[in-house]
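Notes follow the structure.
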Amino acid sequence: MLAFDVSASVNDVEFDLQRSGTADALRSDLVAAAIDRAPGGVAIAIVQWSSRTRQALGMDWVELHDMRDVATYADRVDAMPRRLPGGGTMIHSGLEFAARMLEAAPGYAHRQVIDIAGNGRTDDEKRLRETRAKLLSEGIVINGLAIEEDAASLTRYFEAYVIGGQNAFVITADDFDDFADAMEAKLLREISGAVFSMWHDKSIAPVR
C-alpha cells in the first residue's frame, strides 16, 4: 500500500512529483524485473492522506505479475488525479486508512506493507503512537519515505516514531525532485528482498 502525502504543505506541483516519480520508479528496468520475478506477483494500491477526515483511495488494488502489467500500471499512476485539496498532517489517519484498505487486498499476502511518504511531522503525536502500536501488533510493516525540506531531519523522526515491523526502513528524498529515485530504491528493497538494516552497522540483510 503506497500512501501519498496530500496535506496543505504539498502543493500541486509537489503532488505531481510524487505521482510521476512513482510511475517512473515502476518503469525502472530493475523494479519491473523484480516484480516479474516475485513469486505470486505483487498486489499494490495507492491512498492519499492528509487530515483526520481527508483520506481517499487514489487507485484500487491491482495484481502485478509481469513487466507488461507493470508498464500498464505505471501509465495509470501517471494519470492519477489528486483527490484531496489539502489539510493537516495526520500521519495516524493515513496509516489507519491504509490499514483498512489492506483488509480489501486480493488473495493472500505473505507480507503486508504500508509505504507512507510525507514531508512533515504529525499533528497528533499521541494518536500516531497508538495507531503505530496497533498496526505493528497485527503484523503490518510500516516503511517510510521521508521528503526532507528543512533541517529538522524528518528521516530520523520517521525512524523513531513512524516505521516499524520486520526489516522496516526509511528512504530519504532530499526534496520532491528526488522522489523518483527514492521510490525506486524503496520498491527494490521491498520487492527484491534486499533491505537495509538501520540498527546493525548499516548491513544488508535478507527478508525472512
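Where a number appears in this text, it was derived from the coordinates with a stated rule and is not lab data. The structure presented is a predicted model; accordingly, all values stated were derived computationally and were not measured. We place every Cβ from the backbone using ideal geometry, glycine too, and count neighbours over all the protein chains shown.
For the chain, which span is the longest to avoid every loop-located (per DSSP) member of GluC sites (Glu not before Pro) having at most 13 other Cβ atoms inside 10 Å?
After excluding every exposed loop site, the longest remaining stretch is 1-102.
For the chain, modelled as a GNM with alpha-carbon contacts under 10 angstrom, which of GLY21, GLY118, GLY41 fluctuates the most?
Most flexible of the set in this elastic network: GLY41.
Between the stretch 104-151 and the stretch 24-77, what is the separation of their alpha carbon centroids in Å?
First find each Cα centre; the distance between them is then 17 Å.
Given the Cα-Cα distance of THR53 and ALA160 and 0.36 nm per residue of separation, how much length would full extension add, in nm?
Roughly 36.0 nm would be gained on extension.
Build a GNM of the chain with springs between Cα atoms under 10 Å: which of HIS110, HIS92, HIS65 gets the top mean-square fluctuation?
Most flexible of the set in this elastic network: HIS110.
So the label point goes 7 Å from the Cα of ALA38 along Cα→C-beta, right? Which residues of the stretch 44-83 then have their backbone N under 11 Å from it?
44-45, 62-66, 70
Dipole size in debye (nearest 20) for the chain around its Cα centre, Lys and Arg Cβ +1, Asp and Glu Cβ -1?
840
Relative contact order for the chain: what is it in percent, counting Cα pairs under 8 Å that are at least 6 residues apart?
22
So for the chain: antiparallel DSSP bridges make up what percent, rounded to the nearest 5?
In the chain, approximately 40 percent of DSSP beta bridges are antiparallel ones.
Quickly estimate the mean residue ellipticity at 222 nm for the chain, helices only: each DSSP H run with n ≥ 4 gives -39500 (n - 2.57), and the total goes over all residues, rounded to 500.
The helix-only estimate for the chain comes to -12500 deg cm²/dmol at 222 nm.
How high is the FRET efficiency from ARG129 to ARG83, r the C-beta distance, R0 25 Å, rounded to 0.05?
Rounded to the nearest 0.05, the efficiency is 0.35.
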